[in-house]
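Visitor: Take a look at this one; I'll ask things after.
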Amino acid sequence: MSTSIHAAQMPIVVDDPAAQRFKVHRSAMTSREVHRAEIDRIFAESWLYVGHESEIPKPGDFVRRPVAGRPVFMVRGAETGNINVFHNTCTHRGALVCRQDSGNSKVFQCFYHAWTFDSEGRLKGVPGRDAYSGGVDFDDLGLKRVARVESYRGFVFASFDPGIVDLPDYLAGAKDYIDLVIDGCGGSVEMVRGSNQYSFAANWKLLVENSFDGYHAESTHDTYFKYLVSIGTDLRGGVSGRAVDLGNGHAVIEYSAPWGRPVAKWEPLFGEDARTEIDRLRADLVTRHGEQGARAMAEVNRNLLIYPNLIINDIMSVTVRTLYPPAPDVVDVTAWALAPVDELAALRHRRLDSFLTFLGPGGFATPDDIEALESCQQGFASGGVEWNDISRGMGRVPMANDEEQMRAFWRRWQQQMGNAADLAGAQ
Amino acid sequence: MTTAGVAAGRQHVEDFLYAEAALLDAWNLDDWLLLFDHDAKYEVPCNDALDGDPAHDLMLIDDNYTRLAARVERLNSRRAHREYPHSRTNHQVFNVRVGGSADEISVSASFTVWRFRGGRSNCYVGRYRYRLRRRDGGFRIAAKRAKLDMTDLRAVADVAIIL
């Protein structure tokens, strides 16, 4: 009997350590029921990245953006200096109250009926207030805060789940790796102006896998590595490292690689002038964190997943990237470049150069990742093959080009999604 | 320049831009690269920072001649998977305005670049800004900047083709 290629299979994730086999049913990427359940069980019940504190340094500074597809905005309160994250909807009849992507404002006025809120969310202005009788409590009609908001090292997270564990507990082992990124940057970072917002026709979890997939680099990104060689990078050192399960679905690959790092691994491409500065940055890291700590920050690359949908890749440049699925076969990507404040101009330029060449959608690598993931999604539609194999490196200490980091994600995903029997029933 | 001179200048510039578009649409990228001076730049700023300066802002594309040549080499290879096989493209140039001096001509123009591949279509819309130099009875490109009018890249996924 043939089954629908879109029907959720039970179980979706098959984890068989004894047989050293790990499989994911392809309905995880194609099923509308699975997608709907992900919105309810994963995106509504996780800590999700909203933005970085450096984006709103001054009172009244704000940015608006969707978080898990929901329009919210983040504003630094003019009175408290706190980071407020509000649902972007007027408490009167629903219109957006923040209609600019970024800016500075003491008040947010809904243009529909001119209800006006301050940067702390309080309702300050209602035209014709005397038309309301005593039944309306205006103090209770302030902007609705997203249920939970917490920051870690400047990264602002929100959760729509009021009962979720505190952010530090949630981040588990990933905290240490965020520390490595920030401390490596000298402890103080900022988001660079200019972001990448692109979408493509593949399931979001394929991009989770791809974002820390050491196995695909050589085959998919041949043209990028050729380019690196052409500009003088010596690739002979190769890539070597390990994959680590950080708990709660978070995972990382950490590895040495031949390319230079603006903090703090010099290569000829950086030029002699930058060498002194890179030596100084590295020496500074040694003073603050010891030789071992400095090595981990300066020379080791890391591709980090903060479950479920935040990627921080600290490689030849640092990207902060969120993923969201508006549909099973579409992913919305938003990506920023993170950099140390007061970075030497030449190093900042080289950092951004590396970002746009490798990580950017106009570069020499990301378009080919997009092609690979769209190609997978198209392949799923063929049917015939029901399972993806994610077994690579089971039964050995997992290396950076194995798939243990993906298994860590999928195990937590399966746990949050439940046994999927209810999904199968929803066919 | 007289009015007639401006008109004649614009006609020559338009012919040059149409010829450039034809080379791109024919995927004759080696000849396209010959249009650029060796100190040339090809830039595409991020959709949300159209005045972006590559020295301190993130760009989508910031090619000097070396990287532009590498881009051509990549797109000519069979391993630029996103563009192998190539998209069919149609570069349309209009609203051309010409200014600048006798030595260096500044050009602004609107563009629509259609990209078709695998049954799907994308459309890039924006403005070009060129700096052109007179050379051998024709022009060489000193700088080409393509500013996208789309607020983001969600509808087009990437900028793997040359705009």
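We did not get these values from a lab; they are worked out from the coordinates using the rules stated. From a predicted model like this one, the values you see are computed outputs, not experimental measurements. Cβ placement follows ideal geometry from the backbone for every residue including glycine, while neighbour counts extend to all protein chains displayed.
Visitor: With a cut-off of at most 16 other beta carbons within 10 Å, and DSSP calling the residue loop, which trypsin sites (Lys or Arg not before Pro) in the stretch A:1-102 qualify? Please list them.
Guide: A:Arg93, A:Arg99
Visitor: Taking the Cα centre as origin and putting +1 on Lys and Arg beta-carbons and -1 on Asp and Glu beta-carbons, what dipole magnitude results for the stretch A:22-120, to the nearest 20 debye?
Guide: I would put it at about 440 debye.
Visitor: Classify the stretch B:46-119: rounded, prolate or oblate, from the alpha-carbon gyration tensor (a ≥ b ≥ c, eigenvalue square roots; a/c under 1.5 rounded; otherwise prolate if a/b is larger than b/c)?
Guide: It is prolate, given that a/c is not under 1.5 and a/b is the larger ratio.
Visitor: With chain A treated as a Gaussian network of Cα nodes joined by springs under 10 Å, which of A:Trp336, A:Trp204, A:Trp115 yields the largest mean-square fluctuation?
Guide: Of the options given, A:Trp115 has the highest mean-square fluctuation.
Visitor: Could you size up the charge dipole of the stretch B:1-156 around its Cα centre, putting +1 on the beta carbon of Lys and Arg and -1 on that of Asp and Glu, and report it in debye to the nearest 20?
Guide: 460 debye
Visitor: To the nearest 0.05, how large is the calculated FRET efficiency for B:Ser77 and A:Thr116 if R₀ is 60 Å and r is the Cβ-Cβ distance?
Guide: 0.55
Visitor: Something else now. If I take every Cα pair under 8 Å that is 6 or more residues apart in the stretch A:270-350, average their sequence separation and divide by the length, what percent do I get for the relative contact order?
Guide: In percent, rounded to a whole number, it is 19.
Visitor: Exposure proxy check: B:His56, A:His52 ranked by fewest other beta carbons within 10 Å?
Guide: B:His56, A:His52
Visitor: Hey, what D do you get for the stretch A:48-159 in µm²/s if you plug the Kirkwood alpha-carbon radius into Stokes-Einstein at 25 °C and 0.890 mPa s?
Guide: It diffuses with D of about 173 µm²/s by this estimate.
Visitor: Right, next: Ranked from highest to lowest mean number of other Cβ atoms within 10 Å per residue, what is the order of the peptides A:316-323, A:286-293?
Guide: Final packing ranking: A:316-323, A:286-293.
Visitor: Sort the stretch A:206-282 into rounded, prolate or oblate with this rule: let a ≥ b ≥ c be the square roots of the eigenvalues of the Cα gyration tensor; rounded if a/c is under 1.5, and if a/c is not under 1.5, prolate when a/b is larger than b/c, oblate otherwise.
Guide: oblate
Visitor: Return the single residue from A:Met394, A:Met406, A:Met297 with maximal mean-square fluctuation; model: Gaussian network over chain A, springs between Cα atoms under 10 Å.
Guide: Result for chain A, Cα springs under 10 Å: A:Met394 fluctuates most.
Visitor: Taking the highest mean first, how do the peptides A:187-193, A:257-263 order by number of other beta carbon atoms within 10 angstrom per residue?
Guide: A:257-263, A:187-193
Visitor: With +1 assigned to the C-beta of every Lys and Arg and -1 to the C-beta of every Asp and Glu, and no other charges, what is the dipole magnitude of the protein assembly as shown about the Cα centre in debye, to the nearest 20?
Guide: 920 debye
Visitor: Relative to the present Cα-Cα distance, how much length would full extension add between A:Arg32 and A:Arg280 at 0.36 nm per residue of separation?
Guide: Additional length available on full extension: 84.0 nm.
Visitor: With springs only between Cα atoms under 10 Å apart, run a GNM on chain B and tell me which of B:Ala70, B:Ala40, B:Ala143 wobbles the most.
Guide: Comparing B:Ala70, B:Ala40, B:Ala143 in the GNM, the peak value goes to B:Ala70.
Visitor: Take every Cα pair under 8 Å in the stretch A:190-417 that's 6+ residues apart, average their separations, divide by the length, and report that relative contact order as a whole percent.
Guide: 32 percent
Visitor: Now, a different point. With unit charges on the beta carbons (Lys and Arg positive, Asp and Glu negative) and the dipole taken about the Cα centre of the stretch A:87-182, which residue among A:Leu141, A:Val126, A:Ala174 sits farthest to the positive side?
Guide: The listed residue farthest towards the positive side: A:Val126.
Visitor: Positive end of the charge dipole of chain B (Lys, Arg +1 and Asp, Glu -1 on Cβ, about the Cα centre): tell me which of B:Val93, B:Ile161, B:Ser121 has its Cα farthest that way.
Guide: It is B:Ser121, whose Cα lies furthest towards the positive end.
Visitor: Excluding A:Arg122 itself, what net charge comes from residues whose Cβ is under 14 Å from its Cβ, given Lys and Arg +1 and Asp and Glu -1?
Guide: Local charge sum for A:Arg122: -2.
Visitor: Another question about this same structure. Spelling out what I want: for every residue of the stretch B:153-163, take phi, set θ = phi - 60°, compute 6.51 cos²θ - 1.76 cosθ + 1.60 (Karplus), and round to whole Hz; glycine and proline get x.
Guide: 9, 4, 7, 10, 6, 7, 10, 6, 8, 8, 7
Visitor: With the cut-off at 1.5 for a/c, could you classify the protein assembly as shown from its C-alpha gyration tensor as rounded, prolate or oblate?
Guide: Rounded shape, in that the Cα axes give a/c under 1.5.
Visitor: In percent, how large is the relative contact order of chain A, given Cα pairs closer than 8 Å and 6 or more residues apart?
Guide: It rounds to 22 percent for chain A.
Visitor: Any idea which of A:Cys185, A:Trp413, A:Ser199 is furthest toward the positive side of the dipole for the protein assembly as shown, if Lys and Arg beta-carbons carry +1 and Asp and Glu beta-carbons -1?
Guide: Selected residue: A:Ser199.
Visitor: Right, another one. Would you give the gap between the C-alpha center of the stretch B:118-157 and the C-alpha center of the stretch A:201-258, rounded to a whole Å?
Guide: 31 Å
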